[in-house]
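Accompanying notes for the structure given below.
Quick note: the coordinates plus some simple rules give every number you see, no bench work behind them. Just so it is clear, the model here is predicted, and its values are computed rather than measured. Virtual Cβ from ideal backbone geometry, glycine too; neighbours counted across all protein chains shown.
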Amino acid sequence: MTITEDRAADAPTPEIGRARTRKEDQRLITGRTRWTDNIQLPGMLHLAMVRSPFAHATISAINTDEAKAASGVLAVFTGEDLKDIQGVNITAWPISADQKTPDHLPVAVSHVAHAGEIVAVVAARSSAEARDAAELVDVDYDELPAVLDLKQAATDSVLAHPGLGTNTSATWQLDSASGGTGGDIEAAIATAREGGIVIEREYRQQRLIPAFMEPRSTVVDPTGEQVTMWSATQVPHVLRFCIAATTGLQESKIRVIAPDVGGGFGGKLQTTPEEFATLAVARKLGKPCKYTETRSETMVSGHHGRDQWQKLTLAAEKDGTVTGLKVELMADLGAYAALVGGGVPVLGAWMFNSIYKFAAYQFNVTTYYTNKTWVDAYRGAGRPEATYGIERLMDELAVEVGVDPLEIREKNWIKHEEFPFTTVAGMTYDSGNYEAATAKAKELFGYDELRAEQRRRRESNDPVQLGIGISTFTEMCGLAPSRILGVLSYGAGGWESASIRMLATGTVEVVTGSSAHGQGHETAWSQIVADRLGVPFEDIEVLHGDTQIAPRGMDTYGSRSLVVGAEAVIRAADKVIEKAKPIAAHMLEASVDDIEFSAGRFGVKGTDKSVSMPEVALETWTCHNLPDGIEPTIDADATFDPNTFSFPHGTHLCAMEVDTETGATTMRKYVCVDDIGNIVNPLIVEGQVHGGLVQGIAQALWEGAEYDDQGTLVTGSFVDYTLPTSADTISFITDHTTSPSTTNTLGTKGVGEAGTIASTPAVVNAIVDAVRSFGVNDILMPCTPERVWKAIQKGGAVPVEGERDAQPHFDEGAPNQDPGAASPESASEGSQS
Amino acid sequence: MIPAQFDYLAPSTVQEAIAALAEHGDDAKVLAGGQSLLPILRMRLNAPGVVIDLGRIAELQGVSEDGDHLVIGAMTTYAAVLASGAVSTHAALLSKAIATVADPQIRHRGTIGGALVHADPAGDVGAPALALEAELVIAGADGSTRTVAAEDFFEDLFTTAVGEGELLTQIRVPKHTGWGAHYEKFVRVSHQWSIVGVAATVRSEGGSIAEARVGLTNMGSTPLRARSVEEALVGQPATDEAVRAAVASVADGTNPPSDLNGDSDYRKHLATVLTRRAVLAAAGA
Amino acid sequence: MTRINVTVDGVSYSDEVEPRTLLVQYLRESLGKTGTVIGCDTSNCGACTVHLDGTSVKSCNVLAVQADGHEVTTIEGLAVDGELHPVQQAFHECHALQCGYCTPGMIMQACDVLKNNPDPSEQEIREGLEGNLCRCTGYHNIVKAVQQAATSMSSQAVSS
């Protein structure tokens, strides 16, 4: 019996590698969408949050009487009212055994540690009435001194949480000598000071805001046996765990759904006060509740990213051979240790050495609390910071040695024949070819011609100077081997789960624990399964983002979905085939050992007899004539725990024009050649690269979260937090080289964060290169026209090469930093209003 | 976020609007396109009891010619000004400045009169209005009208000569037919308000500058006119060197703001560079 | 409350609304037109872009009462008889969307750009979309999609 046409005759071309347009698009381009804020339930109430305007205060009284009496208001809750059931927003990654971690209550009870913290929740019939009533809640605060600057936080002169006694949360170190992966860093630096080169720099990773386009929203329906939460989250499974761990609700009583989610970039890799507050209110009232934030609320309440000072010491021989790198980071956690929290800077520990062969290496980080919005993962999470630091330093080294910056990189990078290569940080890179990517990038860029133009502009004293920036990056992605996470005290594993359900009519449901929010998993997973099972792309449905449908998962972040999540899908597919073989053998009256599976058909070796996968699925479903003792299903589950990371790399080249009269910068050309191993869908990959590039470029040029000295976020809306538009960006030239990963079945590597990780230093290197002849060797990010112009003014042109001052060394309190600071106050936290 | 509650009035004549203003006084806000007002109301930075929408008053819309003047209704949208051949012919500076305002959707709704009365010093309409020596026609409570020169119109940050109970009805722009024009707007990202803007329009004769008008955006609490620079430009050849010298003092006496985009001194520097560029472009150099 | 009569995606509606109701809130909450979304509160992002009498506006920056007597087209009314608009088709083919949140506004604005300028340069497209923020695509493929739509619309115009 055959109910589907025989497709094996015209076996399709492989799906993997095809630039398939996306399955997801049809709904999204016609407005047929399921954003959380679209959800309406019978009897649903709407919530509004009352938030602290102060960065640091104790709450002395809250009067809710007037708000409670307002039209349409069902209830107003304070933290005191909710404290028994609201749970707590936990950190999953205490980076040291003695890490100090203040309790983060979803609705503050007595103390607020940053402006924007929730102090009361209004539940009303409509969102308008909830907002109106929120204005009527009267809160008395006793203001406390706020610590806003990271370096001030390190002095403990003002405490973000007086009860902790210090602002320091934790310290963490990776050292090549003690770890047995390399030499002693202090010895390397000492040697270099004697007769080599020592480069000391302090770089600032400014605070960024993820700025996903969909504001976060949560709907909780407490009316069923399971409480159902819809939320605009990247991590429905992690969210369910955290609710169960802290609210008293049993995990089995919680269903979390991430419906259509409008971007995340790490910003929705969080379990939020708003989610927990909405859950608590819905449980109190026994009614469905919805909370959707405004963009202004996102800006102060959604976690921020980056925010580090990086003190870097690079030791090298006179010829430019790097002998060691010492990294000392200060990282701002904001007011609370967030979900990944202190782990974000730690993720950079294995990446400062990047693609290079360093003999000695040491990484140190200390995390601090301040009275600002909490900080957590933002696209790249730890790795962009590391890549920025080392790629800026390599340019400085090239200047010091007097060679082209590509040459200095080539001198130090791992050669393609040296893979697999174990780095000084202890990571084993499985594959790569930095020479090939660089050669291709140079050619696409027209490197030599642009260098010639740069010389011409310099010689003619053109008011518009040209600079060329290089970033040869690698990253570790595909979080993560569970054992490594365990050693690092991370609170969960790094596996991923998948199930494949073979339906009676021949179509296939693929259940994945990954939780897409724009990445195109439905399309890519369909391509993979189509090839694996030999069923048509169109017959595959990918299901995700609902703990009832996909009960096991670790969700989507850290460029893990393809290399971990899809690997689980492949393994489930392989199990389906193995489970189907005895049934096919029975149908074909052959021995299982003689069954071969190819292009969707089970055949008998040496014969032309075969049955298709859908035929086996139907036979299994009817169950009329299966082999004795066999379980009547060919569905299969798989859980995959990777044993290492994946290490994409690439060479990015950027040409920037700098108008030296105004400091304005214009991108002239951007070329990137990324090696992300084998590619499942080139269309989706290009999209990931483009978007990643602009986010990284935006860090270099436009974005920065700035607070005033009261602790108010000055860049609290899209008016002042300046995201780039189409008119501010250019079209990119992207290409690939391919060194297949050896650590997963398809030979793929992650791509979600690559563009962001690589592009920031490429842009800043280009700007510094353009104005280096004016005596500039650094410009604080974002490189605003004002900062660039002031750097040029302060730099003081160096008339003759070689007359530049000797490299400055670190002196207490006088870092060689920020020639372009906008104000005499602390450069990054300047209170300009 | 939804604004606080208000009552809504949509008069169909200027007289009705004036009467509504008289009735509600301070409690009323005029909606003249609303592209700045509505965000303010949504953020609840302002909560008027009454909003008076001028959008249905036909007499306030459109561009016409009156002898040697263009007459632009206060409720003429940016898009309509940009579409007007009369404006681009006789007041090219206005077209060029308005083309830089915000984004296309905002330009479809925002109005020239709304922008002038809102009087944001970073807005792009004030400087060209000053440079073109526009006259602003204001209707008063008793049915009277008065005309105020642009020079006297901008009083302070968000404050104009339009008094309580009054409405701006028309912008009368002396024709600058044949004048070259350029608006040099400096921003970090394209949808930003001007960090500094310079509006320049120039009448050239035989390769040199016969007359010049220069207005500055965001160089103080109001848009500013750079009269001394205008005078210094007269008779100068449209060369980089001559113009550079003539505009060197353009920022003297200005008091621009300091913010994340740049401090006051940087803005002063920008003004000199941008003025040179604007004048040279206006002169066709 | 104020009574308004509005035509949205070809359907006439007569409703009582609070004057403070934004057009986007009216579309989403009263009419269930949830295809149009809200991305910010300062009118920077453009996610809520719709056509009012055939011209693009940010529906967060228009009161519902201002739309009284007018015609609104949303992303949900763009495809005719199940046939995608060329701009929708091009967004799909060029992979001009990822999460899809900015997409309705971006498509509506792209239509407006092409209405006013059927053969725009890359720079004109980029400037025409400057009121719409996207965080996923880096704009690269959005620009390509608008170029492709321009080509397909002009060839349609020629052949019809």
Principal axis box of the range A:42-402, alpha-carbon based, largest edge first, Å: 78, 40, 34
Nitroxide proxy distance, nm - points 7 Å out along Cα→Cβ at C:THR55 and A:THR633: 6.1 nm
Cβ-placed point charges (K, R +1; D, E -1), dipole of the range A:58-150 about Cα centre in debye, nearest 20: 380 debye
Positive-end residue, the range B:182-282 charge dipole about Cα centroid, Cβ charges, pick of B:ALA282, B:THR239, B:VAL250: B:ALA282
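Show me A:357-364, A:649-656 ranked by packing, highest mean number of other Cβ atoms within 10 Å first.
Values: A:357-364: 22.9, A:649-656: 29.1.
Top to bottom by mean Cβ count within 10 Å: A:649-656, A:357-364.
Kindly put C:MET108, A:MET213 in sequence by how many other C-beta atoms sit within 10 Å of each C-beta, fewest to most.
Details: C:MET108 28, A:MET213 25.
Going from sparsest to densest Cβ surroundings: A:MET213, C:MET108.
What FRET efficiency would be calculated for the residue pair A:ASP142, A:GLU194, taking the C-beta separation as r and a Förster radius of 56 Å, to the nearest 0.05? Numbers along the way, then the final one.
Values: r = 57 Å, r/R0 = 1.02.
Approximately 0.45, to the nearest 0.05.
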In the range B:88-193, the GluC sites (Glu not before Pro) that fall in loop regions by DSSP, at most 14 other Cβ within 10 Å: B:GLU164
Inter-chain shielding of B:265-274 (mean C-beta neighbours from other protein chains, 10 Å cut-off): 4
Likely footprinting exposure, B:TRP193, A:TRP621, A:TRP789, fewest C-beta neighbours within 10 Å first: A:TRP621, B:TRP193, A:TRP789
Set A:LYS151/A:LYS794; A:LYS326/A:LYS749; A:LYS151/A:LYS372; A:LYS268/A:LYS311; A:LYS357/A:LYS411; A:LYS318/A:LYS357 screened for pairs whose C-alpha atoms are more than 18 Å apart: A:LYS151/A:LYS794; A:LYS326/A:LYS749; A:LYS268/A:LYS311
Charge-dipole axis of the range A:301-458 as Lys and Arg at +1 and Asp and Glu at -1 on Cβ define it, positive-most pick from A:VAL375, A:ALA436, A:VAL340: A:VAL375
Ellipticity estimate at 222 nm from DSSP helix runs (n ≥ 4, -39,500 (n - 2.57)) divided over the protein assembly as shown, nearest 500: -8500 deg cm²/dmol
In sequence order, calculated HN-Hα J values of the range A:72-86 (Karplus, 6.51, -1.76, 1.60; Hz; x Gly/Pro): x, 8, 8, 6, 10, 10, 9, x, 4, 5, 9, 4, 6, 10, 6
Cα-projected label distance for A:THR428 with B:GLN5, points at 7 Å along beta-carbon direction, nm: 7.1 nm
HN-Hα J in Hz across the range B:5-14 - Karplus 6.51, -1.76, 1.60, θ = phi - 60°, x for Gly and Pro: 4, 8, 8, 10, 10, 10, x, 10, 9, 4
Amide H within-cut-off set for C:VAL8, under 5 Å, with H built and near neighbours excluded: C:TYR13, C:VAL72
Calculated FRET value between B:ARG172 and B:ASP252, using beta carbons and R₀ = 25 Å, to 0.05: 0.25
Dipole of chain A, positive end: most advanced residue of A:PRO614, A:PHE445, A:THR784 [Cβ charges, Cα centre]: A:PRO614
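Give, in nm to one decimal, the length gained when the segment between A:ASP103 and A:SER178 is fully stretched (0.36 nm per residue of separation minus the Cα-Cα distance).
Values: separation 75, 0.36 × 75 = 27.00 nm, distance 3.41 nm.
The span from A:ASP103 to A:SER178 would gain 23.6 nm if fully extended.
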Two-decimal log10 I(q)/I(0) for the range A:329-405, as the Debye equation yields it once each C-alpha is a single scatterer, q = 0.13, 0.15, 0.20, 0.21 Å⁻¹: -0.47, -0.59, -0.87, -0.92
A:GLY324 long-range amide H proximity, modeled H, under 5 Å: A:ALA315, A:ALA359, A:ALA360
Principal axes of the range C:9-145: Cα extent on each, largest first, Å: 43, 34, 26
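When Cβ neighbours within 10 Å are restricted to other protein chains, what is their mean count per residue of peptide A:655-665?
Values: counts 0, 0, 0, 0, 1, 0, 7, 10, 5, 5, 1.
Taking all residues of A:655-665 together, the mean is 3.
Just checking the output field for A:711-719: average partner chain Cβ neighbours within 10 Å of each residue's Cβ?
Details: counts 0, 0, 0, 2, 1, 2, 6, 10, 9.
Across the residues of A:711-719, the mean count of other-chain Cβ atoms within 10 Å is 3.
If packing is taken as the average number of other Cβ atoms within 10 Å across a peptide's residues, how do A:523-530, A:341-348 rank, most packed first? Don't skip to the answer; put the middle values down first.
On the way: A:523-530: 26.5, A:341-348: 28.0.
Top of the packing list down: A:341-348, A:523-530.
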Total formal charge among the other residues, if their Cβ is under 11 angstrom from that of A:ASP531, Lys/Arg +1 and Asp/Glu -1: +1
Rough spin-label spacing in nm, given labels placed 7 Å along Cα→Cβ, for C:THR151 and B:ASP27: 6.1 nm
Ranked list, fewest to most other Cβ atoms within 10 Å of each Cβ, for A:HIS416, B:HIS90, A:HIS736: A:HIS416, A:HIS736, B:HIS90
Long-range HN-HN contacts of B:LEU31 with modeled amide H, under 5 Å: B:ILE52, B:ASP53, B:LEU54
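Can you give the FRET efficiency to the nearest 0.05 for C:ALA79 and A:ALA504, using r as the Cβ-Cβ distance and R₀ = 30 Å?
About 0.35, to the nearest 0.05.
Looking at the range A:255-364, send over the antiparallel percent of its DSSP beta bridges, to the nearest 5.
Of the beta bridges lying entirely in the range A:255-364, close to 65 percent run antiparallel.
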The range A:196-214-the range A:742-801 distance, computed between alpha-carbon centres (Å): 10 Å
Long-range Cα-Cα pairs in the protein assembly as shown (distance over 49 Å), rounded percent: 32 percent
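For the range A:267-406, what does the relative contact order come out to in percent, with C-alpha contacts under 8 Å and a separation of six or more?
Numbers: 216 pairs, mean separation 38.0, N = 140.
Computed over the range A:267-406, the figure is 27 percent.
In debye, nearest 20: dipole of the range C:86-159 around its Cα centre with unit charges on the Cβ of K, R (+) and D, E (-)? Could you put the intermediate results ahead of the total?
On the way: 4 positive and 7 negative charges, 40 e Å.
For this selection, approximately 200 debye.
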Within chain A, percent of DSSP bridges classed antiparallel, to nearest 5: 80 percent
³J(HN,Hα) computed for each position of the range A:163-170 - Karplus, 6.51 cos²θ - 1.76 cosθ + 1.60, integer Hz, glycine/proline x: x, 7, x, 7, 8, 6, 8, 6
Bins of 5 Å from zero: percent of alpha-carbon pairs in the range B:182-282: 2, 15, 27, 25, 15, 10, 5, 1, 0
